[in-house]
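Accompanying notes for the structure given below.
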Amino acid sequence: MQERKNGLRDNVIQLETDVLVIGGGIAGAFAAYRARQSGARVLLVDRSYFGRSGCSALASGVYPSYMPGDDVDAWIKGLGAGPLVNQTLFVKALPVMYEHLMTMDRWGVKWLKEGDEILRFGAPGRAFKNGVWMAEGGPQMMMAVRAGVLASGVAVVNRVAVTELLTSDGKLPTERRVVGVVGFHVRTGEIYSIHANATVMCTGPYKFPYPWPGSKLGYMPVDLSGDGIAMMLRAGAQLSRLELGGINLNPDNMLCAPGLESLMPSGAAFVDRQGRRFLEDYDPKRMEMTSRALLYFAIAHQKEEGNNPSMDLKNIPADRIELLKRAIPIVIANYEGLGYGFTGTPIPYAYQVAGTAGIFGAGARINERGETSIAGLFAAGTCSDIHYLPGGHLSFCSVTGDWAGAAAGEFVAKSEGAPIMSNQLEAAIEAIQAPLKRKDGLSYAPVHRRLGELLMEKVGLVLNSERLQHALQKVLEMSENEVARLQARDAHELAKVWGLMQYAQVLEATLRAYLHRTESRVAFIREDYPIIDNKNWVKMVIVQRQENTLKLWDEPLPESFHIDPVRPTQNLHLVFRNRASTHGAP
Amino acid sequence: MARLEINNAACTGCGVCVETCPTDVLRLDAEQKAIAAYGEDCQGCFVCQWDCAYEAIRVKLR
């Protein structure tokens with residue numbers, strides 16, 4: 001990395017690198033490490049602090065990992081099941097996650113062990129025990145990973161929010177290639193222009209940024225506003241899986257469902273208002289260890305019925321509580337801090353507004369090398385479609401990060417690069433600073449609140465065309481009349497304003513993708529299309545910006561994805577089957 | 001709403017919490033003590049409490 005200031009502008013910090021990685025979660029960490037191993041100069045930029053930002057440090061305390069000798073078929077039938085999983089690539093990912101497990105062990109990540117042996121535990125929806133638990137939680141894991149990555153020679157810049165990709169033709173969308181990025185320091189407001197031969201986007205999932213209006217707690221990092229996905233969309237990259245990445249199972253006061261991977265196999269139970277374990281009605285054999293999708297449906301249904309679904313921790317044995325306090329210390333501190341300890345009140349659950357509570361594994365369409373549809377631009381982890389691997393798991397994020405980093409390293413070895421276009425950079429700098437200069441603009445907090453209320457009110461749990469169209473119209477109006485007119489008092493608030501602007505664009509693309517998929521599947525539930533349609537919808541929905549409009553189309557998933565052939569069945573979605581049994585047909 | 005309780009007597013002004021807060025809530029004041037300069041953005045993630053070697057900072061959720 002070279003730093004120089006020239007005559008472009010007094011306060012523009014110009015950096016130059018071979019491979020630029022944006023985002024310091026586990027995907028970004030492994031992308032940077034792998035690209036560095038290829039001999040490239042690597043710079044990792046994080047809007048927060050590499051090792052503390054994003055989901056990885058605050059996740060469920062579990063790294064699902066293959067180990068040599070595992071039954072691959074059991075893996076496919078567990079995490080790899082379903083017609084929209086790329087099972088062929090899934091199998092290729094398994095040995096890589098074990099390699100990463102060992103790399104992290106060498107870096108000093110503390111896994112739960114018996115002697116030297118790394119232990120594994122069960123998790124919901126898995127056919128066998130494959131979850132490696134962190135002995136001192138995600139914070140320790142990510143700080144050890146950070147140290148390992150830094151030791152490899154990766155340079156890091158913290159607290160810089162990247163806002164725009166720069167292209168060799170100076171256009172967005174581009175017809176050529178990505179040549180770097182522009183952004184700003186979230187404390188000083190200094191502008192950063194970063195010239196890179198290859199850029200790897202690892203900015204994680206997206207959700208409504210900051211807590212819901214009226215919610216008491218956020219818990220998860222609030223800044224998951226989809227910045228990277230919005231930038232890739234504007235640059236003309238194809239996006240996919242937007243309508244399918246929703247993880248909509250949340251405690252009432254939280255923005256994610258922290259700890260499920262470790263709490264469920266420890267004896268946590270989902271109960272109704274009478275304290276009855278209602279999974280009995282849905283999957284009496286596996287109960288809470290059922291698939292994540294079925295758990296969503298059961299909770300959604302109970303919520304609809306007014307049965308107050310809650311997670312009850314009181315039957316977790318004492319020895320397991322001690323392990324949980326080590327594996328997910330921050331999650332447990334949150335629950336206890338709210339009065340939901342192991343002996344306290346069950347934790348009330350919601351099934352949050354579809355598509356707005358958290359979208360994991362939806363974003364840039366990538367291939368197995370992490371290449372997007374634009375030259376010089378790579379993506380990995382949960383801001384990509386993760387090439388149809390199970391999106392929310394740390395191990396698939398590290399694996400896709402590795403693949404994208406390796407491909408970026410190969411790319412820079414062959415590519416001569418291209419210069420930044422100064423007119424595009426100037427325009428991007430103007431855009432960054434506009435909310436600071438706007439004197440008659442709108443304040444952040446009320447606009448943020450109105451957008452949140454709109455989503456809760458208009459989108460709803462079970463989707464239909466009418467509500468989606470209405471929500472889309474309202475989002476477009478709000479984007480133009482309010483979000484685009486936000487002002488910021490300082491650099492800190494500028495980061496929040498930019499987050500909301502980026503989110504509004506990804507939200508529009510998501511709502512359009514919802515409208516395009518005319519079936520129901522997993523946590524994507526449409527009452528006007530209640531059929532899980534494996535005859536017509538084993539497909540990806542693609543969104544791409546072409547000039548000033550969003551184009552949407554669908555493509556069949558390649559047959560090469562499937563080891564278990566997909567049967568062309570058409571079945572009523574479970575939510576409607578349950579509804580039919582209690583209320584008559586939908 | 002999460003809020004931070006900072007014990008000024010225990011705070012050494014080392015700045016670790018300012019460095020690592022995921023949502024950039026904290027700053028050092030003129031006396032080199034941690035303050036929640038952007039307290040409204042605290043999400044109760046406990047990273048500051050976790051990282052403080054002097055037990056000077058506590059996250060309160062209620």
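The values are calculated or read from the model by the stated rules, or taken from the named source; none is laboratory data. Note that this is a predicted model, so its numbers are computed, not measured. Neighbour counts run over all protein chains shown; Cβ positions are idealised from the backbone, glycine included. Heads up: the accessible areas ignore ligands, DNA and RNA and are worked out on the full protein's heavy atoms, side chains in. Shrake-Rupley method; radii C 1.70, N 1.55, O 1.52, S 1.80 Å.
A quick yes/no check of all residues on (1) within 14 Å of another protein chain (Cβ to nearest Cβ); (2) surrounded by 23 or more Cβ atoms within 10 Å (Cβ to Cβ):
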| site | (1), (2) |
| --- | --- |
| A:Leu295 | no, yes |
| A:Gln302 | no, yes |
| A:Glu322 | no, no |
| A:Asn334 | yes, yes |
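Within the stretch B:10-62, the set of residues being of a type in the set (D, E, K, R) and either within 13 Å of chain A (Cβ to nearest Cβ) or open to solvent by less than 20 Å² (accessible area, probe 1.4 Å) (or both) comprises B:Glu19, B:Asp24, B:Arg27, B:Glu40, B:Asp41, B:Asp51, B:Arg58, B:Lys60, B:Arg62. Among the residues making up the stretch A:471-483, a single one is surrounded by fewer than 16 Cβ atoms within 10 Å (Cβ to Cβ) and touching a residue at least 12 places away in the same chain (Cβ under 8 Å): A:Leu476. Listed by position, the strands (runs of 3 or more DSSP E) contained in the stretch A:1-112 that have at least 1 residues being open to solvent by less than 40 Å² (accessible area, probe 1.4 Å) are A:12-22, A:42-46, A:62-64.
Could you please let me know if A:Val145 is crowded, with 19+ Cβ neighbours inside 10 Å, over 17 Å from the mean Cα position of the chain (by Cα) and at pLDDT 90 or above? Yes.
With respect to A:Leu507, determine if the residue is part of a helix (DSSP H, G or I), away from chain B (no Cβ under 14 Å) and surrounded by 19 or more Cβ atoms within 10 Å (Cβ to Cβ). Yes; evaluated as a whole, the condition is true for this residue. Residues of the stretch A:471-483 include at least one that is acidic (Asp, Glu), in a loop (DSSP other than H, G, I, E, B) and at pLDDT 90 or above. Applying the criterion of being at pLDDT below 60 and assigned to a loop (DSSP other than H, G, I, E, B) to the residues of the stretch A:223-255, the residue that is farthest from the other protein chains (Cβ to nearest Cβ) is A:Asn248. Checking the stated criteria, A:Gly344 turns out not to satisfy the condition of being in contact with a Lys or Arg (Cβ under 9 Å, 6 or more places away or on another chain), under 25 Å from A:Leu58 (Cα atoms), within 14 Å of chain B (Cβ to nearest Cβ) and open to solvent by less than 30 Å² (accessible area, probe 1.4 Å).
Total residues in the stretch A:32-88 satisfying the condition of being of a type outside the set (Gly, Ala, Ser) and within 14 Å of chain B (Cβ to nearest Cβ): the figure is 7.
Evaluated against (1) over 19 Å from A:Gly245 (Cα atoms); (2) in contact (Cβ under 8 Å) with a residue 60 or more places away in the chain, A:Asn548 falls short on exactly one condition, (2).
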